[in-house]
Amino acid sequence: MIARYGVQLEKGPFDRRTADFLWMMIFGSITLLVLSIIPIFQSYFLGISLVFMLVYVWSREFPNANINIYGLVTLKAFYLPWAMLALDVIFGSPIMQDLLGIIAGHLYYFLTVLHPLAGGKNILKTPKWTETGCKMEDRSSAGCPHSNPKRTRKEYRRGFQGKVPSA
């Protein structure tokens, strides 16, 4: 799920905005930690919640995409988090982690998209330290798009070629 929805967010609304994507993940993580302190929302593992947050934000950014669930039901992406929540209820899984992710995703989406569209101020601007951190040169492939040159198809197919002999 992270691979599908996270990548689509990175290539779609967050294209060339790596710092904003990083800030979304940091904000979501902090929000989930704070919410998990509340006794009714107490949860010790927040990985599922973070995935649900990503799915929620994705479903709001791509509301008209068609999603096929188990090859049985096709629905609009806008309803995906709720359909996944319903499936967890049907299968008997705990739903508190799902709800935490939906709450964190909605809080992020509301503060960054809905509130500014309604004429309000963007309360949740990406901090400068994330932007400068993403603009720093990085030799690894985990850096920002600006630090990694375009690779050719041939370079992608080339695997690990072994240890380079020292001179």
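Considering only protein heavy atoms, what is the solvent-accessible area of Arg17 at a probe of 1.4 Å, reported in Å² to the nearest 10?
The accessible area comes out at roughly 100 Å².
So what are the ³J(HN,Hα) numbers for region 93-102, from phi and the Karplus equation (6.51, -1.76, 1.60; θ = phi - 60°), rounded to whole Hz, Gly and Pro as x?
7, x, 9, 4, 5, 5, 5, 4, x, 5
Region 1-147: D in µm²/s via Stokes-Einstein (Kirkwood Rh, Cα pairs, 10 °C, 1.306 mPa s)?
For the chosen part, D equals 97 µm²/s.
Order these peptides, 41-49, 99-107, 20-28, 61-69, by their mean beta-carbon neighbour count within 10 angstrom, highest first.
By packing density, highest mean first, the sequence is 99-107, 20-28, 41-49, 61-69.
What is region 82-139 by shape, rounded, prolate or oblate, if you read a ≥ b ≥ c off the alpha carbon gyration tensor as root eigenvalues and call it rounded for a/c under 1.5, prolate for a/b larger than b/c, and oblate otherwise?
Note, shape of region 82-139 comes out oblate.
On average, how much accessible surface per residue is there in region 1-93, in Å², for a 1.4 Å probe, leaving out ligands, DNA and RNA?
57
When the C-alpha atoms of region 16-87 are aligned to their principal axes, what extent does each axis show, in angstrom, from largest down?
37, 35, 14
Please state the relative contact order of region 15-86 as a whole percent: Cα pairs under 8 Å, 6+ residues apart?
20
How large is ³J(HN,Hα) for each residue in region 49-55, as worked out from phi by the Karplus curve 6.51 cos²θ - 1.76 cosθ + 1.60 (θ = phi - 60°), to whole Hz, x for Gly and Pro?
Whole-Hz 3J(HN,Hα) from phi for region 49-55: 5, 5, 5, 5, 4, 4, 5.
The values are calculated or read from the model by the stated rules, or taken from the named source; none is laboratory data. Given the structure is predicted, the values throughout are model-derived calculations rather than measurements. Neighbour counts run over all protein chains shown; Cβ positions are idealised from the backbone, glycine included. We work out accessible area using only protein heavy atoms, side chains counted, and drop any ligands, DNA or RNA first. Shrake-Rupley method; radii C 1.70, N 1.55, O 1.52, S 1.80 Å.
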